[in-house]
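J.: Pasting a structure below so you can have a look.
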Amino acid sequence: MEQASTLNRHIATPLSTSVPTGKLGVWWFLASEVTVFGGLIACYILTRLGSTGWKEAAAHLSLVFPLLNTLVLLTSSMTMVMAHAAVEAKDSHRLRTFLMVTVLLGVGFLLLKAMEYSREMAQGFFPHTGLFWAFYYGMTGLHALHVLGGVIVNLILLLTVPTATETQQRRVEFAGLYWHFVDIVWIFLFPLLYLT
Amino acid sequence: MTQALTYTHYFRIWVWLVGLIFLSVLASGLLPREGALLVIFAAAWVKAVLIALYYMHLKYERWQLAAVVLIPLLLVVGLAVTLVPDIVIGHGK
């Protein structure tokens, strides 16, 4: 009876951490994403080191699209963190502007990626063409899906909450953490696929 | 004023990030392969750390938050290193 009472007391007491629960949740989610992309990148590196002909396959890729995409994604990371600064300063006008620019840059990234895929496929390179191409489409495709997810979240933020409230502040911060993580993943994919 | 300084600060980080991107591209075209790989991946890690510290604000957060993502990262690196003898070295036999 006493044990049950103690248990009830523990359940009723909220967990006390200095990190807000929502933020902690986002970081745990990002940790799971580290294993997804980290595992994929580790497989790519190991398979590449253990076989030959990858450099020749990679030489068919254009450097223009990914370089532009890197600049687009880095810039969108800057505008996203500026949106966070704006929402903290309760500056709704700048918040909307920076969120809109971030969404547009995200869409721009996806359009450039689509153009790059069309170019590769027009040259006859498909996911089943070879191991390099399977990794190339797999890794960049999974990343592009994450960018799409981020664009949708940012668009919802932009459309649903027009003012810089405290709730909006937290949401922008959480969306920003995800967006920056997606940027970091691209920072490693770019040299692995296009520069080596 | 403070807000303007914040925006300037974020812009400065962006300039560093873009500079490092161009450094990587130049290194891949100009340096010998081993040197280029070293510069390219060192620059990639610096960029990732800059984003994590300043854009994700890890510099101002508790260290436990960084540990949440660093632990799986170490596990992935450990897994890859453990598999090197089988996949990379074993392949040559």
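J.: Filter the range A:162-196 for residues that are small (G, A, S) and either outside any helix (DSSP H, G or I) or facing another protein chain (nearest Cβ under 9 Å) (or both); which is nearest to A:A42 (Cα to Cα)?
T.: Top of the filtered list is A:G176.
J.: Let me ask something additional. What is the number of the single condition among (1) at pLDDT below 90; (2) at the interface with chain B (Cβ under 10 Å from one of its Cβ atoms) that A:A12 does not meet?
T.: Tallying (1) at pLDDT below 90; (2) at the interface with chain B (Cβ under 10 Å from one of its Cβ atoms), A:A12 fails exactly one: (2).
J.: In the set A:L131, A:L105, A:L159, which member is more than 23 Å from A:Y44 (Cβ to Cβ) and modelled with pLDDT under 95?
T.: Sole residue among the options that is more than 23 Å from A:Y44 (Cβ to Cβ) and modelled with pLDDT under 95: A:L159.
J.: A follow-up question, please. Can you tell me which residue among B:V46, B:V77, B:V84 is in contact with a helix residue (DSSP H, G or I) (Cβ under 8 Å, 6 or more places away or on another chain) and in the same structural domain as B:W14 (by TED's automatic domain parsing)?
T.: B:V46
J.: To continue, here is another question. Taking the stated definitions as given, is A:H143 in contact (Cβ under 8 Å) with a residue 24 or more places away in the chain and either touching a helix residue (DSSP H, G or I) at 6+ places or on another chain (Cβ under 9 Å) or within 17 Å of A:A175 (Cα to Cα) (or both)?
T.: yes
J.: If a residue counts only when it is surrounded by 15 or more Cβ atoms within 10 Å (Cβ to Cβ), within 8 Å of chain B (Cβ to nearest Cβ) and over 14 Å from the mean Cα position of the chain (by Cα), which helices (runs of 4 or more DSSP H) contained entirely in the range A:21-124 have at least 2 such residues?
T.: In the range A:21-124, the matching helices (runs of 4 or more DSSP H) lie at A:21-49, A:64-88.
J.: Name the one entry in B:L79, B:L38 that is more than 7 Å from every other protein chain (Cβ to nearest Cβ), of a type in the set (A, V, I, L, M), over 29 Å from A:A83 (Cβ atoms) and surrounded by fewer than 16 Cβ atoms within 10 Å (Cβ to Cβ).
T.: When all the criteria are applied, what remains is B:L38.
J.: Would you mind finding the one in B:L20, B:L58 that is modelled with pLDDT of 95 or more, hydrophobic (A, V, I, L, M, F, W, C) and touching a helix residue (DSSP H, G or I) at 6+ places or on another chain (Cβ under 8 Å)?
T.: Answer to the check: B:L20.
J.: Going through the range B:8-56 one residue at a time, which ones are hydroxyl-bearing (S, T, Y) and within 14 Å of the chain's Cα centre (by Cα)?
T.: Selection gives B:S24, B:Y54, B:Y55.
J.: Give B:L65, B:L58 a once-over and let me know the one that is aliphatic (A, V, I, L, M) and more than 9 Å from every other protein chain (Cβ to nearest Cβ).
T.: B:L58
The values are calculated or read from the model by the stated rules, or taken from the named source; none is laboratory data. Keep in mind it's a predicted model, so treat the numbers as computed, not measured. All Cβ positions, glycine included, derive from the backbone under ideal geometry; neighbour counts span all protein chains shown.
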